[in-house]
Amino acid sequence: MREVHGTPWGYARGCRDTRTCPNWARGGMTCPEARRRYMQTYTARRAAGTGTPIEHGTSNGYLLGCRNPATCPGDTTGHTCTDARSRYRQQLARAAGIHPRTESIDARAAATRIRELRSLGLSLRHISTLTGTGRTTIAQLTGEGKTVRTRITPTTLDRILAIDVTALTTSGVRTDAHERTQALAS
């Protein structure tokens, strides 16, 4: 069987601490030192242009060190190594059942609608109930929370814009402020 300590393979197999490598006690080269030397010679060869050339436009090209899209010549279709790596990671995620992120959109229209509702005297809690959106989200959109939210999902925007301000004013909706004043009066 092959002795792996004192080689990059020992490092790859988990021997990553200099003091715990058996070669350290014997005065030999440790696995982390072997890995450092290997990487130094590898990067020197890559910089000198010797060794296996990088196949640009592939995920493997990214793993071999081509990580700057500005300097990557890309493949025949113009895809850089970082693009290829992103596509590969995305394919792995989809195969594992991870759905893509929902794109967020500008929240100014929603913030304006919430301010209109607040000017009618509706509380954050009441607006939250009407829209089916979290109270914290509503507070962040108006700037009344600790943070200000500038982007939201299309679903949240649709829920907020679905509230008709004119219908609320004409239907004589009782606001929280109105109910409080009635309670104080009695």
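The values are calculated or read from the model by the stated rules, or taken from the named source; none is laboratory data. These numbers were taken from a predicted model, which means no experiment stands behind them. Here the Cβ positions follow ideal geometry from the backbone for every residue, glycine too, while neighbour counts run over all protein chains shown. To get the accessible areas, we keep the full protein, side chains included, count just its heavy atoms, and leave off ligands, DNA and RNA. Shrake-Rupley method; radii C 1.70, N 1.55, O 1.52, S 1.80 Å.
Among the residues making up the stretch 86-130, those that are β-branched (Val, Ile, Thr) and at pLDDT 90 or above are 98, 105, 112, 114, 127, 129. Scan the stretch 1-28 for residues that are surrounded by 14 or more Cβ atoms within 10 Å (Cβ to Cβ) and charged (D, E, K, R) and the total you get is 1. If you go through the stretch 112-133 and keep only what is among the β-branched types (Val, Ile, Thr) and open to solvent by less than 80 Å² (accessible area, probe 1.4 Å), you end up with 112, 114, 127, 131, 133. Taking the listed residues 109, 93, 70, the one that is surrounded by fewer than 15 Cβ atoms within 10 Å (Cβ to Cβ), of a type in the set (Gly, Ala, Ser) and in a loop (DSSP other than H, G, I, E, B) is 70, with no other qualifying. Do you know which residues across the stretch 112-133 are assigned to a helix (DSSP H, G or I) and closer than 15 Å to residue 165 by Cβ? Across the stretch 112-133, the qualifying residues are 112, 113, 114, 115, 116, 117, 118, 119, 126, 127, 130, 131. No other residue among 147, 136 is under 30 Å from residue 168 (Cβ atoms), open to solvent by 30 Å² or more (accessible area, probe 1.4 Å), assigned to a loop (DSSP other than H, G, I, E, B) and among the β-branched types (Val, Ile, Thr) apart from 147.
Kindly establish whether residue 141 is aliphatic (A, V, I, L, M), within 11 Å of residue 163 (Cβ to Cβ), open to solvent by less than 20 Å² (accessible area, probe 1.4 Å) and in contact with a helix residue (DSSP H, G or I) (Cβ under 8 Å, 6 or more places away or on another chain). Against the criterion (aliphatic (A, V, I, L, M), within 11 Å of residue 163 (Cβ to Cβ), open to solvent by less than 20 Å² (accessible area, probe 1.4 Å) and in contact with a helix residue (DSSP H, G or I) (Cβ under 8 Å, 6 or more places away or on another chain)), residue 141 does not qualify. The single condition among (1) surrounded by fewer than 14 Cβ atoms within 10 Å (Cβ to Cβ); (2) closer than 13 Å to residue 116 by Cβ; (3) at pLDDT 85 or above that residue 166 does not satisfy is (3).
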